[in-house]
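The values are calculated or read from the model by the stated rules, or taken from the named source; none is laboratory data. These numbers come from a predicted model, not from an experiment. Cβ placement follows ideal geometry from the backbone for every residue including glycine, while neighbour counts extend to all protein chains displayed. Heavy atoms of the whole protein, side chains included, go into the accessibility calculation; ligands, DNA and RNA do not. Shrake-Rupley method; radii C 1.70, N 1.55, O 1.52, S 1.80 Å.
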Amino acid sequence: MASNEVRSLVSGLIDPLSQTNKRNAPKGRRIRRCRSAPLSEYIRLEAGFASGPRTESFCGNIHPNFLFVAAFLTVYLGIGILCFYLVRHQLKGEKTNGFLDAVYFCIVTMTTVGYGDLVPNSVLSKLLACAFVFSGMALVGMILSKAADYLVEKQELLLVKALHLSKKVGHFEILEDIETNSLRYKCIVVFIFFLLLIIGGTIFLATVEKLSLVDAFYCVCCTITTLGYGDKSFSTQAGRVFAVFWILTGTICLAQFFLYIADLNAQSRQRALVKLILTRRMTNVDLEAADLDDDGSVGAAEFVIYKLKEMGKISQEDIRLVMEEFEDLDVDESGTLSTSDIMLSQ
C-alpha cells in the first residue's frame, strides 16, 4: 500500500500530463463541478437517518455542549442553593420548604423574574443576590441559550422529516431544505413549544395555585416575559417545584423565539440585497473592480469573488487569508494545487 502511494506521488511529479489536462479543461465546467466542504448539519442528519445498531454509551451520544451546560448549571445551582439555604432565615416572604425555597429563589433570580414573594432581608443576603443575578444572566444568555438552540435544531430535523414524509425525498434534498428555511423552521418549532408552555402553565396555576383563568394567564405572561409584578406567583410547595423547571424553560424559550425572529428578519433583508445585486446590470466600472489580476478580462472565479464581496458574504481580509493558505499549499509555485502539492506540503 505504501509503495503504491509513493509510486503515484513520483509519477505525479515527473509526469504532469494529467495535471495539465485538468488545467486545460473548460473553466465553466470546473467551476460547476466545485463542491463545498461537508457540513456539520449533514453529519447530524446522517446520524438521524442511521438505522444500524449503536454500541456507543449514553454519555458518548450526548453533545459536548450539554455536558458543559449541565456541569456549569449544576455548579451554579449547587453554590446558590447552599448559600441561600444557609441564609434562609434572612429571606422574608412566603416560605414553604427551606431547600425548595432556596432552589426557587435561585431560579427566580437567575432568570430576572423577581416576583418579590421571597426577598433578601439582610446585608449578606442582598450581596449574594447581587452576585447571583449577574452570573445567572450570563448563564442564561451565553450558555443555556446555546443548548436550547441545539435542541431546537434536533426538533427542526424531525419537523422537516415529517413535512417530507409523504414524499420520496433523499437526504441531500432534506439537507438543502433545512439550509434554505432553517430559521423559519426554528421559529415554528419554538413557537409551538412556547404555546405549549403557556397552556401548560395556565392550566397548572388554575388547578394547583387555585387562580382564575385570567389571573393564571396573567401570571404566565408576567413570568415568561420576566416582568414579575409579584401580585400573582407560585406560593404552594407543588407550585414551586413546577416553577423551578417551568420558569427556566419558558424564559429561555421566549428569548430564543425573539432571537430567531430577529435573525429571520436579517436573513430576509440579506436575501433581498442578494436578489438586487444579481439582477443589477454589470457596468464597465464593475468589470474593472472585478478584474483582480488586471489582465483586462474577468474569469468565472473573479466574477464569483466580486459578487460575493458585493453581497457582503466575504471581505477582502477573508480573501487575503485564503490566498495565504493557498500559497502555503502551492509548493511548486505553479499557481494551481495538485495531489503532489498536498502531499508535499504535509
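Side notes on the structure shown:
- Residue within region 146-153 that is outside any loop (DSSP other than H, G, I, E, B), modelled with pLDDT of 80 or more and either surrounded by 15 or more Cβ atoms within 10 Å (Cβ to Cβ) or not polar (S, T, N, Q) (or both) present: no
- Filter result (open to solvent by 60 Å² or more (accessible area, probe 1.4 Å) and outside any helix (DSSP H, G or I)) within region 268-296: Arg280, Arg281, Met282, Thr283, Leu292, Asp293, Asp294, Asp295, Gly296
- Within region 84-113, the residues that satisfy the criterion of being under 22 Å from Thr251 (Cβ atoms), in a helix (DSSP H, G or I), touching a helix residue (DSSP H, G or I) at 6+ places or on another chain (Cβ under 6 Å) and not small (Gly, Ala, Ser) are Phe84, Leu100, Val103, Tyr104, Phe105, Cys106, Ile107, Thr109, Met110.
- Unique residue being under 37 Å from the mean Cα position of the chain (by Cα) and either modelled with pLDDT under 80 or of a type outside the set (Lys, Arg) (or both) when the list is Asp332, Asp341, Asp293: Asp341
- Among the residues of region 270-288, at least one is closer than 30 Å to Thr225 by Cβ and touching a residue at least 40 places away in the same chain (Cβ under 8 Å).
- Unmet requirement for Phe326, which otherwise passes all of (1) part of a helix (DSSP H, G or I); (2) open to solvent by 70 Å² or more (accessible area, probe 1.4 Å); (3) not aliphatic (A, V, I, L, M): (2)
- So Val244, is it more than 26 Å from the chain's Cα centre (by Cα) and either under 21 Å from Leu100 (Cα atoms) or part of a helix (DSSP H, G or I) (or both): no
- Test set (1) in contact (Cβ under 8 Å) with a residue 60 or more places away in the chain; (2) loosely packed, with under 14 Cβ neighbours inside 10 Å - Ala262 fails condition number: (1)
- Breaking point among (1) hydrophobic (A, V, I, L, M, F, W, C); (2) assigned to a helix (DSSP H, G or I); (3) within 32 Å of the chain's Cα centre (by Cα), for Ala238: (3)
- Any hit, region 88-98, residues being of a type outside the set (Val, Ile, Thr), over 27 Å from Val220 (Cα atoms) and surrounded by fewer than 16 Cβ atoms within 10 Å (Cβ to Cβ): yes
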